[in-house]
Structure formats: C-alpha cells, structure tokens
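Engineer: Here's a structure for you.
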Amino acid sequence: MPSDISPPFAAPTAEPASTLRLQFRRFRKNRLAMASVYLLTLIVLMCFFGPMFFPFTGEDADFDNIGAPVNLFSIHPFGTDDYGRDLFIRVLEGGQVSLTIGFLGALVAGGIGVLYGAAAGYVGGRLDGFMMRLVEVLYGFPYVILVILLSLLFGGGTVSLFAAIVFTLWLTPAVIVRAQAQSLAQREFIQAARAGGMTGGRIVLQHIVPNCVSVVIVYGSLLVPEVILSESFLSFLGIGVKEPQASWGNLIQVGTSAMSTDLRLLLLPGGLLATVLFCLNFIADGLRDAFDPNDR
Amino acid sequence: MLRFIGKRLWNGALTLAALVTLTFFVMRLAPGGPFSRNRKISKEVQANIEAAFHLDEPVIQQFGRFVWRLLHFDLGPSTRFRDYSVNDLIASGLPYSLTIGFWAMVVATFVGIALGILGALRRNGMTDYVAGTIGVIGIAIPIFVIGPVAQAYFALHLGWLPVGGMGAGWKSWVLPVLVLALPNIAYISRLTRTSMIETMRENYVRTARAKGIGGRRVLLKHTLKGALLPVVAYLGPATAAIITGSVLIETVFALPGIGRHFVDAALNRDYPLVTGITLLYGGIVILFNIGTDVLRAWMDPRLRHA
Amino acid sequence: MTVDRMTQSNPEPLLSLRDLSVRFRMEGGRTVAVDSVDLDLAPGEVLGIVGESGSGKSQILYALMGLLASNGEARGEACFDGQDLFTLSPRLLDRVRGSEISMIFQDPMTSLNPFMRVGDQLAEGLIVHQGMSKDAAKAEAVRMLDRVRIPDAASRARRYPHEFSGGMRQRVMIAMALLARPKLLLADEPTTALDVTIQAQVLDLMAELGRETGTAIILVTHDLGVVARLCDRVMVLYGGRVMEEAQAEALFDTPSHPYTKGLLAAMPRLETELTPRLGTIPGTPRSAGREVAGCPFVARCEVRLPICTTARPTLRGVAGLEPSRRTACHLTGAPA
C-alpha cells in the first residue's frame, strides 16, 4: 500500500549560475585563501614587472660587485652571485619561467584531461574501457621515470620539460572528469539532448564540460602547484631548465652547492618557491571548501 | 582470493611487458647515442664500440637480444661505467634506496595516521592544529628546499648530524629519512583525518553507536577499518613512489643510491642502465600496486570478488 | 503539571517526553527542527509519528538515542523508565542504548558495517551488554536470524552484509534491534528504502516480534498506509510541531486538523476506486526553520483565519470527538 505523501509537493530547483556565484562568494569569505590570492598576485606582478625597474638583466655580470652581500639599499638589494649576476633579478626571472610553465602547464594538462575524460565518460562502453586502460598503464609508470624518459625523448631543454610535465599530469583530471561525466551521462537533461538529436561532440562540449566546471576548478587549482613543483624538481636535478636561463629549480640547485658559505643563494629562491606553493595550496583548499562544503 | 591475486599478477605482467617494449623503443628513438658526442674517436673505433654493444644490428634483432637477456635477468653492461654491469650497479645502489624509503614510510605511516586520527577525534583542538601545520608545510615545501635547510641547521649550525654521505653510521640516516618522511606525514595525516571524519558520519557507525557498545569499541571495531582503507590504498603507490623517486633525497644528501645512477645514466644516455633501472622501478611499482590490492581485498570483503 | 499528566495516563508510561525541542546551529543562525513536543508511550504500545520530510519526526528519535548531529542539541525532558535520557552520562546512556532502547534505521543498505560478519555484528551487543560468551552470543544471534526468517541462518551469519539483499538486511537490522529484548524500539522509516513488494512483509515481521517481546514501538514514517496497518496511536507532525494526536482508527475516520485532512485526501484508497484525482496540499512543505509566531501550517492552510498568523494554537481536546483526541488548530472548538 504505497501512499507516499511527498510527490504532490514540488520542490524548487536551484539555478546553476547562481550556485557558482554563491560558491565564489563563499570563497571570498575565506581569509587565508584571499590573502593567498593577493600575495600570489603580488609575487606574479613582481616577477614579471620587477626586472623592468633595474638597469640590467639577470644575465648581466657586474664585475665590480662579485659575490656582493645583502644590502637592501644598494643597487643589488639581495647581493650578487659568484659571477656578479644580481641575485634578486635572477630569482624574479626564474620566477617568470617557473610561473609560466606552472600556469600554462596546468592549463594544457587540465584541458587535455577534461576533454579526454569527458569524452570517455560520455561515450562509455568499449571505447571508455580502452581509453581508461591506457590511462591506467600510464599511471603504472613511475612518475619520475616517465618525466625523465620523456624529456630524453623530446631532446631536453625547456620545451621538452614542458611536454613531459603535461604528458604526465593530464591523467588525474581525466580520471576525475570521466567519473563526473559518467554520472552526468545518466541524467535526464543529457538524455533529453540526445533524444533531441544533438551530436555526441556537441553534448560533450555544451553539457558535459560546463557541468564539470566546479570539479575542474578545484582540481585544476591543485594542478598548478604540482606543475611548478615538477618543473623545479627536474631543473634541480639538471634535467629541465638549464643555465644560464634561471628557474627556481636550478637556482635552488646552485644555492644547495653554495650552502656552506652562503645560505641566501638557497633561501631566496627556495623561500619564494615555498611561498608560491603555500599560496596555491591555500587557494586550492579554499576553492575545495567553497565548492564542496561537506568535505571538511 | 587466489584467483584475485592471480588476476592481478597477470595484469602486472602485461603492464611490465608494455613497459619493456616502450622503454626499449624510447631509448632507440631518443636523439644521440652514448658515444656520438665523443668526436675524438675515429670511425673504426666507433664501429668497434657499436659492434661490441650490438648497436650495428637491426633494431628488431636488438630487441630480441634484449628480451632474451632480460629473461635471464641479465641487463647487460653499462656504457658509462665501463667495468660494471647494470646488475652490479643496481645491486650496489638499491639497498640504500630501499632502506631509506622503507624507514621514511614507516615513520610517515605511524606519525601520519596518529596525527590524522587524533585530529579527527578532537577537531580544531591542539593536535589538529599541529597536524594541520605539518600538513601544510610538508605539502607546500619541496624536499629539495627543506632538505638543504635542515642540513644547514642540524648539520652545519648545530653539528648534531652529518651533512650527507653514509660515513657516520645510524646518524647518516636520520636526516634523509625524516626529510623524506615529512611530505608523506602530511599526506597521510590529511588523508586519515578526512577519511576518519567521513567514516564517523557513516550510517553503520551510527548503528554501532546506537548499540550502546561504548565509544572506544565503536572507534576500534567499527570506525577504524573503514577509515584506514583509503590510507592503505595510498600507502602502496606512495612507497613505490618514494623508492622510485629516491633521486631527490640522494642528490640532496649525497647518498650512493640507485636514483642518482638513474639520472646520471639518463643525462649520459647510458641506454642499458636507464633501461635496467626503468624496468626495476616498473617492477617495484607493479609489485606494490598488487600488494596494495591484495591488502585492501583482505580488509574489505566487498572487493574480494572484483 | 508533569505529575498529574503522568498519573492520568494509565498504565504508567514507559516513555514520556516533556517540552522536547531539537535545535541545530547553522551557518545563518539557529534552526528549530522539533518544537516543544509532549508525548507519552505506554509499554507495548505502537505509536506512529507521521509527517513530511523535514517535519522533524526522525530527529525526535535521534534525540532520544543521543545520536543528533554534532551541531544539534536537544532540550526538555525524556523520562524513560524513571531516568531522564538527556541528563545521563555517556556511559549510563550506553547501558540503555542497544539493551533497553533499540533503533532501526532508514537505510538498511548502509546501516550495517560492511567489514564485519553479520553474525558478529548481532552478537556484539549481547557480549557487551549481557556479558555473554562469544559462542553463546553467536548462537543466540543465529536463533534470532532464524526468527526473522533468514534462510540457512547459521551459514548466513558468517557472511558479510553486501551478500544480503535490501529486504534481508533490514530483517537483520530488526533481528539486531530485538535481540536484546528492548522495552522500546525506535523505527525510523524502516521500509522507505525497500521494494514495495517486501515493505509489508518486513513491517509485519517487526510488529509481530514486537508483540511477542512486549516491546513498545515508535514508528516514524511518511506513509499513512503503514500507520493504518500497524499503529495503535498516531501523532501528526508539521514544521516540528504536533498538529494532531489520536487513536489510529479515529484519526482516519474523522481527521480534525486541516493538515491531517489534506494528508488523508492525498492518500490513495482502495475503496474509492476511480477517484478522478488525488488531493494535494498547495504550496511546499515548510521545512524546519526559525520559530514562527503563529501556526506553522498557516501558509498552506485553506481555512486560515487572521489569528493563525499571530497566535500559536495549543494542542487541546476537540468538541464532539473522543476524549483522547488532541488537535492544535484555532478552528476546532474546545471540548464541551
């Protein structure tokens, strides 16, 4: 004798656009995350515009001031290295490289992952099985090996480093978006779109991808620090960005070898890298809390 | 359960075969050979060397030779360290990498799980705060920054521990192990905390509480197992990652492990050594993944029939 | 006041709630889920609490069991067998929970521990509460599984919950709840998650075993059919407040509150075969929220008066109806 009394009363449906706005409002209330946004913006601006205010670049050697110490009121506020290159400018220029690779890498890897995952999740069946099998095999490779082999394959240097990082980091977003797309594909509005004669590609682009936005934002924000970390890690090992071009990774490597005599060569790039990673992690946490308030 | 393990092993073997093939051809496609940069060598010498390493044969034949040797666990001679075989180099370096990785994981697992559970039980309490701070530091500061800073402070400034190398007995291990453990403490404590909180909200835990069996029993008998499943799932791959990623810690602390060999080999295009270590790493990863799957299935009856 | 109510109802109530309120701290302030509910339950009585989702009906049970969410708080008095459940220490509460009061939850699929053999989950309570040996407790568990008609109970007890169907899991839950022969069984929508075909079977089993053990039952449901089938008495809840309270038969014959009338009109009946369409109550259910001055149902009530928005109707007897009837509506006259 089923006599459920709920059905006669219709529940109001939420509008997705306003949800997104609500989530960003919730994010703005998170002080730590907002402070991180401001600090990160400041660092990014400093890295890209700071060097303009100095009459030399990071590769110019100042032979009158070799190994100059920290003196905030001199022309070399954080001193120079053994070649007379200004340390501050080098760290800022290194930041340009690291940050560009970080954001661009996350964008490209995220983009590939989203499209791949959305397609696999929506189409399903045998194609999905094959696509995910491939991801699984790639996942099986040790990350370090994959990056090193790939950067070997692409010939070394900055471009190959970038390719290697993207190639290894698109997997996680693909898996996450696929799971999302899979559940979306079962939903009524997708069925309706299909019944209405919409093609698969358009459904993926117009319905699946937009509905994965919040997942993508949350995991995308985690991807940026991961890419930056990979870059500096490989450059630290001497596989990535190579001297004389600076990046935080190879600057830290130089700093490590000079550690016993001069700590600032290590602390300046290391500290800046750590600060950026802190900020990005706090932002990612803030986004996750704002988008998924249950997960606390 | 036996069928389950068998299936996993078969899948692992397939992945390993794919890895063998891929590695071999990547090595061949990569630009530059081990001796091509050395222009002082005359053509005949070059040809002799290539013949000695069978680089003059067709690729397919090389591949066949490679697989045949592999089946006899012979990874061939190193092209960079002339007097050593790849087996020798692995045998000399692997124990260090394994030992550091093992102890780092032991420390990380115990500390991480303890912090995570305490944090979840007393949310926003002191332990939770401490664990959160360690978590943020461990995740945000890479070990090639924290390692040198620790060296500068504990070794150079305080003089308690050696800066690097293996010459000081157990003291040599302390810094590398702790530095390597730190990021994993961070991940494991976070994972444990989240998973504990989620599990405490599970309906079956509510059922257990409704049975009036006492808080301690609810925690030990009903909450912990479910809460630790994701942690166990993380441990296997993480241990594999710590061993295969040992190059960083070995570079920072100047340890004679296998990771440094690997990067040097890659930079010097020492094909046999790169191949050998890649396969070794691949095997380690596969083995740990299988181990994790088996352990999870043992813990979770729902997975046994998968 | 508490005292003369107690002496009035005969026999002495097993459970009596006085002015029970449940509140939740939320982001935007406080939410009242249950608003000053009084209730008396006699030993062996079966009471149905009916209401839409969000009416606070389940929260009453959670409050009694000390299982409210961490941001929830119960106020008032819950006198069970001479002790106030709300003032008991966790340790003393654990002596009552699972031995004198048991609970059956809404979702049998997730309410059993997936990592523990079914038999062990059943035996656990006996081991802890009655100090039974493991073997004796397990034997008892198997006997109980047999009584809830789990086929091949002895081998089934060694299996894990995922190897059971939904209906079987709920029967396991019933077995677990009744194993300790509790004086009071709380059932929170025990059949909502089950297939329609086995709902009746599970409910009948619960009632039958309850009768055998002399267990009183509070059955929370939104299904009036279930109430009609099993309950002695019914309490209708809306927006956390009691709207009407009566013997089950009387309530179905002559509902007096406008909300109860609406509910009954929305319920399909076999007798009135080809009714053109089921009744509906206009508007959306008022979920728990801030305290209101007037009647919580006022926004959807078709017979409201101006006073309904300003003054809260009290629960009282109704003129012309049986003496046990109580209704909270300004429109129903007071008893003569």
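Engineer: Please build a GNM for chain B, connecting alpha carbons under 10 Å apart, and tell me which residue among B:I213, B:I139, B:I286 fluctuates the most.
Structural biologist: B:I213
Engineer: Ok, one more. Take every DSSP beta bridge whose two residues both sit in the protein assembly as shown, then give the antiparallel share in percent to the nearest 5. Could the numbers behind the result be given before it?
Structural biologist: Numbers: 33 of 52 bridges.
Here the antiparallel bridges make up roughly 65 percent for the protein assembly as shown.
Engineer: Put +1 on the Cβ of each Lys and Arg and -1 on the Cβ of each Asp and Glu in the range B:86-268; which of B:A131, B:P148, B:V252 then has its Cα farthest toward the positive end of the dipole?
Structural biologist: Checked the options; the winner is B:A131.
Engineer: As a test question: what accessible area, to the nearest 10 Å², does C:F80 have when a 1.4 Å probe is rolled over all protein chains in place?
Structural biologist: 0 Å²
Engineer: So who's got an amide H within less than 5 Å of the one on C:D35, skipping anything under 5 residues away but keeping other chains? H placed 1.01 Å off N, in plane.
Structural biologist: Here C:V22, C:R241 satisfy the definition.
Engineer: Roughly how many debye, to the nearest 20, is the charge dipole of the protein assembly as shown about its Cα centre, given +1 on each Lys and Arg Cβ, -1 on each Asp and Glu Cβ, and no other charges? Show your work: numbers first, answer last.
Structural biologist: Working: 86 positive and 76 negative charges, 153 e Å.
Value, rounded to 20: 740 debye.
Engineer: Okay, moving on. For chain B, which DSSP H helices look membrane-span-like by this rule: Cα extent along the axis of 24 Å or more and mean Kyte-Doolittle of at least 0.0?
Structural biologist: Working: long enough: B:2-29 (40 Å, 1.09); B:86-121 (50 Å, 1.62); B:171-200 (41 Å, 0.76); B:224-244 (30 Å, 1.48); B:271-299 (42 Å, 1.23).
Both cut-offs are met by B:2-29, B:86-121, B:171-200, B:224-244, B:271-299.
Engineer: Can you give the mean number of other chain Cβ atoms that lie within 10 Å of the Cβ atoms in peptide B:199-207? Display every interim value, and only then the final one.
Structural biologist: Numbers: counts 0, 1, 3, 4, 9, 11, 2, 7, 14.
Mean partner shielding for this stretch: 6.
Engineer: Put a dot 7 Å past each Cα toward the Cβ at B:N124 and C:D84; how far apart are the dots in nm?
Structural biologist: Going by the 7 Å Cα→Cβ label model, 2.7 nm.
Engineer: Okay, moving on. Using only protein heavy atoms and a 1.4 Å probe, report how much of B:R65 is accessible, in Å² to the nearest 10.
Structural biologist: Roughly 80 Å² of B:R65 is accessible to a 1.4 Å probe.
Engineer: With θ taken as phi - 60° and the coefficients 6.51, -1.76 and 1.60, list the Karplus ³J(HN,Hα) couplings across the range C:42-49 in order, rounded to whole Hz; mark glycine and proline as x.
Structural biologist: My calculation for the range C:42-49 gives 7, x, x, 6, 10, 10, x, 10 Hz in order.
Engineer: Output the 0 to 90 degree angle, nearest 10, between the alpha-carbon long axis of helix C:118-130 and the longest principal axis computed from the alpha carbons of chain C.
Structural biologist: Tilt relative to chain C: about 80 degrees.
Engineer: Connecting C-alpha atoms closer than 10 Å in a GNM of chain B, tell me which of B:L161, B:L29, B:L182 has the biggest fluctuation.
Structural biologist: It is B:L29.
Engineer: Compare B:L175, B:L9 by solvent-accessible area with a 1.4 Å probe and give them largest first, with all protein chains kept in place.
Structural biologist: Numbers: B:L175 10, B:L9 95 Å².
Listed by decreasing accessible area, they come as B:L9, B:L175.
Engineer: While we're on this one: For a quick check of understanding: with a 1.4 angstrom probe and all protein chains in place, what accessible area in square angstrom does C:C329 have, to the nearest ten?
Structural biologist: 10 Å²
Engineer: Let me ask another. Excluding C:K183 itself, what net charge comes from residues whose Cβ is under 10 Å from its Cβ, given Lys and Arg +1 and Asp and Glu -1?
Structural biologist: Values: positive: C:R181; negative: C:D81, C:E100.
With Lys, Arg at +1 and Asp, Glu at -1, the neighbours total -1.
Engineer: Could you sort A:R288, C:R95 by their accessible area in this structure, using a 1.4 Å probe and putting the largest first?
Structural biologist: Numbers: A:R288 80, C:R95 150 Å².
Sorted descending by solvent-accessible area, the residues read C:R95, A:R288.
Engineer: Quick check: the angle from helix C:134-147's long axis to the longest principal axis of chain C, C-alpha only, nearest 10 degrees?
Structural biologist: Approximately 50 degrees, to the nearest 10.
Engineer: Among the aspartates and glutamates, select those whose C-alpha is under 19 Å from the C-alpha of C:K134, and discard any that sit fewer than 8 residues away in the same chain.
Structural biologist: Output for C:K134: C:D120, C:E124, C:D146.
Engineer: Another question, if that's okay. Roughly how far apart, in whole Å, are the Cα centres of the range C:50-82 and the range A:221-236?
Structural biologist: Going from one Cα centre to the other spans 51 Å.
Engineer: So what is Rg over Rh here for chain C, counting just Cα atoms and using Kirkwood for Rh? Kindly include the intermediate steps, with their values, before the conclusion.
Structural biologist: Working: Rg = 20.7 Å, Rh = 21.1 Å.
On the Cα set of chain C, Rg over Rh gives 0.98.
Engineer: Taking amide hydrogens as modeled 1.01 Å from N in the peptide plane, which residues meet the under 5 Å criterion relative to C:L237, leaving out close sequence neighbours?
Structural biologist: Distant-sequence amide H within range of C:L237: C:V50, C:G51, C:M243.
Engineer: In degrees from 0 to 90, rounded to the nearest 10, what is the angle of the helix C:166-178 Cα long axis to the longest principal axis of chain C?
Structural biologist: 90 degrees
Engineer: Nearest 500 deg cm²/dmol is fine: what mean residue ellipticity at 222 nm does the protein assembly as shown get from its DSSP H runs of n ≥ 4 alone, each adding -39,500 (n - 2.57), divided by its residue count? Let's see the in-between values first.
Structural biologist: Numbers: 36 runs with 524 residues, N = 938.
Counting only the DSSP helices, I get -18000 deg cm²/dmol.
The values are calculated or read from the model by the stated rules, or taken from the named source; none is laboratory data. Just so it is clear, the structure is predicted and the values come from calculations on it, not from any experiment. Ideal geometry is used to build each Cβ from the backbone, glycine not excepted, and the neighbour counts take in all protein chains shown. Surface accessibility is based on the protein's heavy atoms, side chains included, excluding ligands, DNA and RNA. Shrake-Rupley method; radii C 1.70, N 1.55, O 1.52, S 1.80 Å.
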